[in-house]
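A quick write-up on the structure given underneath.
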Amino acid sequence: GQGVEQPDNLMSVEGTFARVNCTYSTSGFNGLSWYQQREGHAPVFLSYVVLDGLKDSGHFSTFLSRSNGYSYLLLTELQIKDSASYLCAVRDRGTNAYKVIFGKGTHLHVLP
Amino acid sequence: DAGVTQTPRHEVAEKGQTIILKCEPVSGHNDLFWYRQTKIQGLELLSYFRSKSLMEDGGAFKDRFKAEMLNSSFSTLKIQPTEPKDSAVYLCASSPDWGYNYAEQFFGPGTRLTVL
């Protein structure tokens with residue numbers, strides 16, 4: 001079926017890295033976004049990718065493979081404050097316009 | 001510039017009541033979205049407006065949920081009648097030109113609805 005899938009939880013250690021995976025299956029793909037959401041707060045935009053390959057934005061990098069319906073968000077030099085949920089969102093073709101489908105989010109726990 | 005504002009921040013309703021949630025998008029933004037967020041289902045799209053026209057309506061939410069955008073700076077989401085399963089955080093987001101040239105959505109702080 002169509003949708004966006006992410007693992008529920010991910011754990012990593014301060015100073016190392018974490019890779020948050022996202023797989024999707026949609027009828028018409030027009031880009032994928034990543035959002036960070038801290039507990040009790042609204043999602044905040046991190047990155048958008050529409051072409052295959054790795055997009056390096058410093059602390060956050062994103063990778064996309066359209067043929068595999070796969071993306072990941074890579075966080076390097078992790079800090080405790082990176083503990084949050086990371087949401088993958090795919091822009092898909094809707095009835096009248098593009099629509100967005102969000103994954104349920106991956107909760108990243110950064111341990112000291 | 002002010003971000004997206006939502007009122008009220010918290011709402012408690014009895015089953016069967018009608019409630020209206022309000023959203024003011026970022027000034028100048030053309031696109032406005034309403035979402036429902038729960039731990040089980042995650043973020044679900046309820047409605048999407050572009051230049052005040054309804055573009056997408058979350059199919060599963062049509063019967064008791066009605067979003068309106070009477071002017072470019074104000075939108076409402078009415079739930080009528082409310083049911084306990086409607087307990088969730090309702091998020092409003094806006095974007096300058098989301099459908100075409102812009103990918104980012106700016107989210108408001110949300111309204112936490114509890115239906116007893």
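Each value in this text was obtained by applying a stated rule to the coordinates, not by laboratory testing. Remember, predicted model here, so these are calculated numbers, not experimental data. Cβ sites come from the backbone with ideal geometry, for glycine too, and all protein chains shown count toward neighbours.
Observations, loosely collected:
- Dipole check for chain A: with +1 at the C-beta of Lys and Arg, -1 at the C-beta of Asp and Glu, and the Cα centre as origin, the magnitude is about 360 Debye.
- Cα centroid separation - the range B:39-116 against the range A:1-38, whole Å: 22 Å
- FRET efficiency for B:Thr76 and A:Ser67, using Cβ-Cβ distance with R0 set to 41 Å, rounded to 0.05: 0.45
- Contact order for the range B:39-116, expressed relative to its length and based on alpha carbon pairs under 8 Å spaced 6+ residues apart, stands at 21 percent.
- Pair B:Lys15, A:Lys81: separation of 7 Å Cα→Cβ label points (nm): 4.5 nm
- Considering only alpha-carbon pairs that sit under 8 angstrom and 6 or more positions apart, the relative contact order computed for chain A is 36 percent.
- Residues B:Thr114, A:Thr106 arranged by fewest to most Cβ contacts within 10 Å: B:Thr114, A:Thr106
- All lysines inside 21 Å of B:Lys85 as judged from Cα atoms, apart from same-chain residues fewer than 8 positions distant: A:Lys104, B:Lys15, B:Lys22, B:Lys39, B:Lys62, B:Lys66
- Charges were assigned to the Cβ only: +1 to each Lys and Arg, -1 to each Asp and Glu. The resulting dipole of the range B:25-98 about its Cα centre is roughly 160 debye.
- Cα convex hull of the protein assembly as shown, projected area averaged across orientations, nm²: 12.6 nm²
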